[in-house]
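A short reminder: the numbers here are calculations on the coordinates, not readings from a lab. Since the model is a prediction, treat every value here as computed from it, not as a measurement. Cβ placement follows ideal geometry from the backbone for every residue including glycine, while neighbour counts extend to all protein chains displayed.
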Amino acid sequence: MSDIIETMKFLVVLFFIVAFCAALYILIIHIKKINWKALGTVAILGVILTAILVVIVYKTSKMPDTWCDHFQNTTSYPPAELKTATDYFLQGNYDYDTGNCKGAVIDYAKSIELNSKYPQAFDNRAFTYMRMGNYKDALTDLDKALALNPNYINALMNRGDIHNYYLVDRKSAIADYEKVIALGGSRGTSVCGHLFLAEHNGWNLGTVFALPSAYFQCM
């Protein structure tokens, strides 16, 4: 899934371009006689651009996640040895980075076995499960991570995303996103975009029209 906040920025930019063109056209018709042919051309162009945008957003949202399907190049390295919970956690990170999601899950499980109070291992295994499409087990791990650290921003974001897009419970998603913002986690994340979609029940016509008023919030 592409970054939601980048998609929102694209939509907002398009909105303001269209608004500018409309304002310019209105200014022109005040100076000259109304050109109905030009107006019709602008209207047709607007419909075409909107249709293209809808197709792009829809296709992007439906694209399968292929991260775990094949080898990924990485600049990270595995740990020198596998003894401690941290060693297995780092091995899990390396396996995930290379696209070996099944191996990463096994490594994180070993890390948790050695240290059952390791929220990062629960969160990373949850995110790996998410990339594999296993949202039920991911949610269980995120609940455990947040039981150990209720203010864990990454886990809150991941749990919010599961409730927002997969095991839909947008009330719970909103609660998690709002807590991220309250903890000061809005910068450097796309929490504002995710919260916006959760509050408007995902992508729909009302969501698009609400974009301009929501764009400068939560930044």
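Observations on the structure shown:
- Between W67 and A19, the simple label model (points 7 Å from Cα in the Cβ direction) yields a spacing of 3.4 nm.
- Fraction of C-alpha pairs exceeding 13 angstrom in region 71-132: 54 percent, rounded to a whole number.
- The simple spin-label model puts a point 7 Å past each Cα toward its Cβ; for L45 and D143 those points are separated by 5.4 nm.
- Around L90: net Lys/Arg minus Asp/Glu count, Cβ-Cβ under 12 Å: -3
- For T128, the shell of other residues with beta-carbons less than 13 Å away shows a net charge of -4, using +1 for Lys and Arg and -1 for Asp and Glu.
- Peptides 153-166, 134-147 ordered by average Cβ neighbours within 10 Å, highest first: 153-166, 134-147
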